[in-house]
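Report on the following structure.
Just so you know, all these numbers are worked out from the coordinates, no wet-lab data involved. Keep in mind that this is a model prediction, so the values were computed, not measured. Note that we place each Cβ from the backbone using ideal geometry, even for glycine, and neighbour counts take in every protein chain shown.
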Amino acid sequence: MSLVVFLKLIAIFAIIAIGYIADRARWLGEGDVARVLSNAAFYLFIPALLFRTTARIDLHTLPWRTLGAFFVPVIGCMLVIYTVQRRARPAPAQAAAPSVRALSVGFGNTVQLGIPMAAALFGEAGLQVHLTIVGLHALLLLTVATTLVELDLARAHALQHGVEHSIASTLLSTVRNTVIHPVVLPVLAGLAFNLAGARIPALADETLLLLAQAVVPLCLVVIGMSLAHYGVRGAIRSAAWVSAAKLLLLPALVLVVGHWGAGLTGTPLAVIVICAALPVGSNPLLFAQRYTTLEAEATTAIVISTFSFVVTAPLWLLVLGLIG
């Protein structure tokens, strides 16, 4: 692992520690301050990032084969984990749990760790491939997870209130709650803006950029505060298997699909495998906090997987070297 990536890891842990200390010392007041900051990220800063990204992405130059080799196994893995978790028939109050776990396995730290790692290991060519994945990462994975969780919540609501839920009414409720959502709505708006060929006015673009730049440090602080507030008791075992699936299973699937399915080799293959091997990102925690489900598990999975990444990243680089 390069010095640049290692220093980035240290910086991430330092900011998480600052958030932990801030919550313990009550610098920002009493109560669940992490949830307040999480809501600020979910309703203000992340929508600005998603809209600006979607509105500016060049859809005509995307490397579709490489993107397919990454997103098909990632979303497929999420759907399998979601299905397995749904078969356990979670209680209505835990209806969002399958989607939260699925998102935790699928959603990596592609920005704070992924960007410097791609730049350090693969140079400009690799960084361009990685940034293309970053541009679609949150848009696709959060939209899939939101659709699944809203479908489950619609079912749980019908069961709790003794309402006979038809497929049509459940789908209507799911579509409505999925579209009118702080993640999906800015994506759809940005996509419409993009397809219309419109350009974001300079002042609006600068405003969105300033809001978007707050996402990374705010999310890292929220992780530290959540770790202090929720603790790790009762969450270590489940967070450990989520971390193992994220660091080992997911990159293995991407490697198989990318190399033997899509025929990728060299830098494109290495970039998507290492991107899949990144530790759990911060968005699953924000997602868990929005639906008040598995907050401790999501927080612990982020911490465990980030520490473990120091060991698993060199292993995947070794595997890629053997494949050639």
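When a/c is below 1.5 the answer is rounded, else prolate if a/b is larger than b/c, else oblate, so apply that to the range 53-133 with a ≥ b ≥ c taken from the square roots of the Cα gyration tensor eigenvalues.
Working: a/c = 2.65, a/b = 2.20, b/c = 1.20.
Here the range 53-133 falls in the prolate category.
Go through the range 140-151 residue by residue and turn each phi into a ³J(HN,Hα) via Karplus (6.51, -1.76, 1.60, θ = phi - 60°); whole Hz please, and just put x for glycine and proline.
For the range 140-151, the Karplus curve yields 7, 5, 5, 5, 4, 5, 5, 4, 5, 5, 5, 5 Hz.
Take the alpha carbon atoms of the range 29-75, find their radius of gyration, then divide it by 2.2 N^0.38 Å using N residues; give the quotient. Mind showing how you got there, number by number?
Working: Rg = 16.7 Å, N = 47, 2.2 N^0.38 = 9.5 Å.
Normalised Cα radius of gyration, the range 29-75: 1.76.
Round to the nearest 0.05 the FRET efficiency obtained for Val256 and Glu30 when R0 = 41 Å and r is the Cβ-Cβ distance. Before the final figure, lay out the partial values.
On the way: r = 50 Å, r/R0 = 1.21.
Efficiency computed from Cβ-Cβ geometry: 0.25.
Using 1/(1 + (r/R0)^6) with R0 = 30 angstrom and r between the beta carbons of Ala17 and Val72, what's the FRET efficiency to the nearest 0.05?
Numbers: r = 37 Å, r/R0 = 1.23.
For R0 = 30 Å, the calculated efficiency reads 0.20.
Modelling each spin label as a point 7 Å along the Cα-to-Cβ direction, I'd like the Leu203/Tyr43 distance in nm, to one decimal.
2.6 nm
Hey, if you drop one equal point scatterer on each alpha-carbon of the range 1-87 and run the Debye formula without solvent, what base-10 log of I(q)/I(0) do you get at q = 0.18, 0.20, 0.22, 0.23 Å⁻¹?
-1.14, -1.08, -1.04, -1.03
Name the shape class, rounded, prolate or oblate, that the alpha-carbon gyration tensor gives for the range 1-160, where a ≥ b ≥ c are the square roots of its eigenvalues, rounded holds for a/c under 1.5, and otherwise prolate holds if a/b is larger than b/c and oblate otherwise. Write down the numbers at each step before the final one.
Numbers: a/c = 1.86, a/b = 1.15, b/c = 1.62.
It comes out oblate by the Cα gyration axes.
From zero outward in steps of 10 Å, how is the percent of C-alpha pairs of the range 202-324 spread across the bins?
13, 34, 27, 21, 4
Given C-alpha coordinates of the range 3-319, what is the ratio Rg to Rh with the Kirkwood estimate of Rh? Please list the in-between numbers first.
Details: Rg = 19.1 Å, Rh = 20.0 Å.
The Rg/Rh ratio comes out at 0.96.
Ordered by residue, what ³J(HN,Hα) values in Hz, to whole numbers, does the range 14-20 give under the Karplus form 6.51 cos²θ - 1.76 cosθ + 1.60, where θ = phi - 60° and Gly and Pro are x?
3J(HN,Hα) across the range 14-20, in whole Hz: 5, 5, 4, 5, 4, x, 4.
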